[in-house]
Amino acid sequence: FHSPPQNIVYADRTGTIGFTAAARVPIRRRGDGRQPVPGWSGAYDWIGEIPFAALPMMVNPPSGRIVAANNKIVPDDYPYLLTARWRAPYRARRIEDLLDGIAPLAGAAPGTPEGAQAMQQDVISLAARELLALLLQTKPTSERGREALAILRNWDGAMRRDSPAPLIFYAWVKALNSVLMADELGPDFPDFQHSVLERLTSLLRTGALWCDDVTTQDKEDCPQQLARALEMALNDLAIRFRRPVGRLQWGEAHIFRFAHPVLNNVPILGTLFEKPVSVAGGSYTINRAGVGFSDRSRYMFEDIYGPGYRAVYDLADLDNSRFMIATGQSGNPLSPFYGNLTPRWRDGDYIKLAGGGKAPAHRLVLTPR
């Protein structure tokens with residue numbers, strides 16, 4: 001297995017757990033591969049690959065757990081370059097908190113199939129909580145701004161479909177991106193208009209420079225710009241949804257479009273076979289549902305990636321394992337089974353498959369003519 005690199009975890013019925021990051025990873029003479037380099041010079045050539053035995057791997061670590069959620073998987077003294085950029089560890093931290101009992105697990109116990117289900121469906125965003133603490137320092141300039149802040153002050157960071165708070169929060173984030181960076185970046189700004197929350201957190205903590213609008217004579221500060229961005233966000237939401245902020249719902253704007261891989265490219269016809277569904281979660285939740293910024297009214301914060309397949313394997317009783325896949329069992333858009341599993345996938349439901357010698361519920365016999 002050589003590409004793309006994958007975090008592969010393992011468990012068996014004897015209690016052994018393991019992990020490896022499988023890939024063929026180049027060793028570079030210079031550089032980290034993030035930028036174009038003069039290929040004709042040879043100064044940046046690949047000079048080998050990380051030896052298989054040196055790839056990140058572990059078996060039965062002392063902690064008794066392995067967490068792989070796009071977080072950094074090697075210590076600071078690892079001698080090879082896997083990547084120059086790691087995802088912020090918010091999702092891994094949330095998993096650790098749930099396993100340690102620091103955070104409640106929706107009425108289920110860690111280490112049980114039901115506990116694993118609850119973890120897979122968890123939609124608390126630690127990244128949103130961290131940034132929100134900075135945003136709430138603003139002083140709103142309107143009654144609707146005060147109403148929005150009251151909603152956000154009572155928000156626990158759960159990206160639920162029926163909650164107004166995530167929609168207000170991300171509309172504010174989108175507007176704040178523009179307020180803080182568009183003046184400095186000019187025509188390059190659209191390349192940076194996306195939902196990276198840790199970047200905004202860093203700018204607000206250290207970047208009074210970014211809060212000043214370089215296109216004006218005045219010297220703006222961060223509280224001013226936070227209030228300005230909040231009003232911009234509320235204006236946008238009012239135009240798009242035409243009702244008070246307290247009656248908004250995250251699921252109205254956070255929609256995943258299951259597009260047919262072939263027919264979707266056919267004008268007009270393609271959209272007939274789309275399976276749009278509103279979803280919970282966000283880019284930083286265990287139940288991952290990446291937030292994209294879109295100018296399309298209905299898909300304002302479109303879900304751009306997520307877990308198409310979920311499984312919980314009960315190693316004490318394999319027949320108690322459960323599974324779910326979107327969208328359905330058939331790739332034929334005219335079949336009743338084309339999208340029949342989508343609502344159950346959205347709602348966090350699972351299916352158990354009979355096995356282990358049990359009689360099948362149905363039998364399909366294919367007889368040649």
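Structure above, values below:
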| read-out | value |
| --- | --- |
| Residue within the range 171-181 that is among the aromatic types (Phe, Trp, Tyr), surrounded by 18 or more Cβ atoms within 10 Å (Cβ to Cβ) and within 22 Å of Ser297 (Cβ to Cβ) present | yes |
| Top-ranked residue in the range 324-350 [being aromatic (Phe, Trp, Tyr) and under 22 Å from Pro261 (Cβ atoms); ranked as modelled with the lowest pLDDT] | Tyr338 |
| Close pairs from the range 172-198: first assigned to a helix (DSSP H, G or I), partner open to solvent by less than 40 Å² (accessible area, probe 1.4 Å) and charged (D, E, K, R), Cβ under 7 Å, at least 6 apart | Asp183/Asp213 |
| Complete set of residues in the range 47-74 that are among the aliphatic types (A, V, I, L, M), farther than 18 Å from Arg93 by Cα and part of a loop (DSSP other than H, G, I, E, B) | Ile50, Leu55 |
| Near pairs, Cβ below 7 angstrom, 6+ apart or cross-chain, from the range 94-121 (modelled with pLDDT under 90) to any residue that is open to solvent by 50 Å² or more (accessible area, probe 1.4 Å) | Ala108/Glu114; Pro110/Leu99 |
| Any hit, the range 104-124, residues being of a type outside the set (S, T, N, Q), in contact with an Asp or Glu (Cβ under 6 Å, 6 or more places away or on another chain) and open to solvent by 40 Å² or more (accessible area, probe 1.4 Å) | no |
| Test: Ala150 is of a type outside the set (Asp, Glu), part of a helix (DSSP H, G or I), without any contact (Cβ under 8 Å) to a residue 12 or more places away in the chain and over 22 Å from Ser283 (Cβ atoms) | yes |
| The range 17-32, subset part of a loop (DSSP other than H, G, I, E, B) and under 20 Å from Phe52 (Cβ atoms), residue nearest to the chain's Cα centre (by Cα) | Ala23 |
| Failed item in (1) within 20 Å of the chain's Cα centre (by Cα); (2) part of a strand (DSSP E or B); (3) under 28 Å from Thr201 (Cβ atoms); (4) hydrophobic (A, V, I, L, M, F, W, C), with Ile8 passing the rest | (3) |
| Among (1) without any contact (Cβ under 8 Å) to a residue 24 or more places away in the chain; (2) exposed (fewer than 12 other Cβ atoms within 10 Å of the Cβ), the one test that Gly328 misses | (2) |
| Residue match in the range 197-204 (condition: open to solvent by 40 Å² or more (accessible area, probe 1.4 Å) and of a type outside the set (Gly, Ala, Ser)) | yes |
| Test: residue in the range 331-352 that is crowded, with 16+ Cβ neighbours inside 10 Å, farther than 30 Å from Arg242 by Cβ and aliphatic (A, V, I, L, M) | yes |
| Of residues in the range 311-325 being assigned to a loop (DSSP other than H, G, I, E, B) and either polar (S, T, N, Q) or within 19 Å of Val9 (Cα to Cα) (or both), the one least open to solvent (accessible area, probe 1.4 Å) | Ser321 |
| Check on Pro190, surrounded by fewer than 20 Cβ atoms within 10 Å (Cβ to Cβ) and at pLDDT 90 or above | no |
| Contacts under 7 angstrom Cβ, first residue in the range 201-213 being within 17 Å of Trp172 (Cβ to Cβ), partner in a loop (DSSP other than H, G, I, E, B), 6 or more apart | Cys211/Glu220; Cys211/Asp221 |
| Candidates Ala361, Ala280, filtered to the one that is surrounded by 13 or more Cβ atoms within 10 Å (Cβ to Cβ) and assigned to a loop (DSSP other than H, G, I, E, B) | Ala280 |
| Qualifying positions in the range 14-43 - surrounded by 10 or more Cβ atoms within 10 Å (Cβ to Cβ) and among the hydrophobic types (A, V, I, L, M, F, W, C) | Ile17, Phe19, Ala21, Ala22, Ala23, Val25, Ile27, Val37, Ala43 |
| Selection count where residues are over 19 Å from the mean Cα position of the chain (by Cα), among the charged types (D, E, K, R) and outside any helix (DSSP H, G or I), scope the range 240-277 | 4 |
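The values are calculated or read from the model by the stated rules, or taken from the named source; none is laboratory data. All of these numbers come straight from a predicted model, not from anything done at the bench. When we count neighbours, we look across all protein chains shown, and the Cβ atoms used for this are built from the backbone with ideal geometry, even at glycine. Areas reflect the complete protein model, heavy atoms only, side chains present, ligands, DNA and RNA absent. Shrake-Rupley method; radii C 1.70, N 1.55, O 1.52, S 1.80 Å.
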